[in-house]
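One structure is given below, encoded as structure tokens.
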Amino acid sequence: MTPEPYKIPPGFEDAKFDFAEATAPRQVYMVASTPRSGGTLLCRQLWASGIMGAPAEYFGFYSTFLRLVARIKPDTQEEYVAGVTARRTSANGVFGFKVHYDHVQYMVLTGLLHQFKQLRIISIVRQDLLAQAVSQARALQTGQWNSLNRTQKAAPAYNADLIRWCVQHLGDQRRGWQSFFELHKITPIEVDYDALAADPEGITNDVIARVDPPKSPVSSVAMPNLERQRDTLNAEWLARFKAESGTA
């Protein structure tokens, strides 16, 4: 049997997830994340509220960014920002987006970040760095970063060297964010991955209260139907890595 070709499915960039009315942003926030730290879950919860925009990776030079560029067809960065914010700002004037540290470097170097004034920052951190690295190693192999993609580009296989690389990469991302906050004298709204996973609604409500967006009007929301990705494989890889490295 010929294997099904790997495809990146339509996702956050799809026109069906735009808000019904074009709205200019009056309040903007950024979710500062690292891969596999719960940022997508947090953004999904915020999006569902109807008053926190539709946060996603609009500036991450991956599929969402590239497909939105193809749809908006901007000639300049300013036109791209205007096109995205018009489509993804909720009716109360709130726009949000999620970035990893390498994305924010790109935004700083290109001047994109400076287009957003009085930016609120939400920082989400996963305390168990090794578990996060195992999750990233698996996603890098399969291409399944969220449940929208049901087709694997490759089957997951335990790879200790890849896990070690992910530990280093994620550590660098965390240190990068810390330096960014210190340089710009930012005290972010902090979210813990485990707390969010245990109580998504409660943690999200706390974040919304701290951002303090206008409570109305509330937008009708259409959004990707994401499911939690969970099985025993990550735990098996984690236990094996700890045993082999003598950290069990």
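Over what distance in Å are the Cα centres of segment 163-236 and segment 32-97 separated?
Using only Cα atoms, the two centres lie 15 Å from each other.
Stretch ARG67-ARG210 to full length: gain in nm at 0.36 nm per residue minus the Cα-Cα span?
48.3 nm
Taking the Cβ of PHE12 as the centre, find all other residues whose Cβ is under 14 Å away and add up their charges (Lys, Arg: +1; Asp, Glu: -1). Intermediate values should be presented prior to the final figure.
Numbers: positive: LYS16, ARG44, ARG67, ARG71, ARG87, ARG88, LYS98; negative: GLU13, ASP14, ASP18, GLU57.
Local net charge: +3.
Which of rounded, prolate or oblate describes the chain when judged by the alpha-carbon gyration tensor and an a/c cut-off of 1.5?
Note, shape of the chain comes out prolate.
For segment 172-180, take each phi angle, set θ = phi - 60°, evaluate the Karplus expression 6.51 cos²θ - 1.76 cosθ + 1.60, and give the result in whole Hz per residue in order, putting x for glycine and proline.
4, 4, 4, 5, x, 4, 4, 5, 4
Once you put a point 7 Å from the Cα of GLN105 and another 7 Å from the Cα of ALA243, both along the Cβ direction, what distance in nm separates them?
About 3.7 nm, to one decimal.
Excluding PHE241 itself, calculate the net charge of residues whose Cβ lies under 13 Å from the Cβ of PHE241, where each Lys or Arg counts +1 and each Asp or Glu counts -1.
Net local charge, PHE241 excluded: 0.
Among the lysines, select those whose C-alpha is under 20 Å from the C-alpha of LYS117, and discard any that sit fewer than 8 residues away in the same chain.
List returned: LYS98, LYS185.
Starting from 0.36 nm per residue, how many nanometres of slack lie between ALA197 and ALA24 once their C-alpha separation is accounted for?
Taking 0.36 nm per residue and subtracting the Cα distance, the gain is 59.1 nm.
I want to check the label-to-label distance for GLN115 and ASP231. Put each point 7 Å from Cα in the C-beta direction and report it in nm to one decimal.
Placing both labels 7 Å along Cα→Cβ, they lie 4.0 nm apart.
Report the net charge of residues surrounding GLY96, where surrounding means a beta-carbon distance below 12 angstrom and charges are Lys +1, Arg +1, Asp -1, Glu -1.
Summing Lys and Arg as +1 and Asp and Glu as -1 gives +3.
Among GLU13, GLU201, which comes first, second and so on when ranked by fewest other beta-carbon atoms within 10 Å?
The most exposed by this proxy come first: GLU201, GLU13.
Return the FRET efficiency for the residue pair GLU190, ASP75: r is the Cβ-Cβ distance, R0 is 35 Å, and the value is rounded to the nearest 0.05.
E(calc), rounded to 0.05, equals 0.35.
With a/c under 1.5 counting as rounded, go ahead and sort segment 96-192 into rounded, prolate or oblate using the C-alpha gyration tensor (a ≥ b ≥ c being the square roots of the eigenvalues; past the cut-off, prolate if a/b is larger than b/c, else oblate).
Verdict is prolate for segment 96-192.
In sequence order, what are the phi-derived ³J(HN,Hα) couplings for segment 20-34 according to the Karplus relation 6.51 cos²θ - 1.76 cosθ + 1.60 with θ = phi - 60°, rounded to whole Hz, with x for glycine and proline?
5, 10, 5, 9, 7, x, 10, 9, 10, 9, 10, 8, 8, 10, 10
Once label points are set 7 Å from the Cα along Cα→Cβ at both GLN168 and ALA155, what is their separation, rounded to one decimal in nm?
2.9
No value in this document is a laboratory result; all are computed from the given coordinates. Bear in mind the structure is a predicted one, so any value in this text is a computation, not a measurement. Counting neighbours? That spans all protein chains shown, and the Cβs are built from the backbone with ideal geometry, glycine included.
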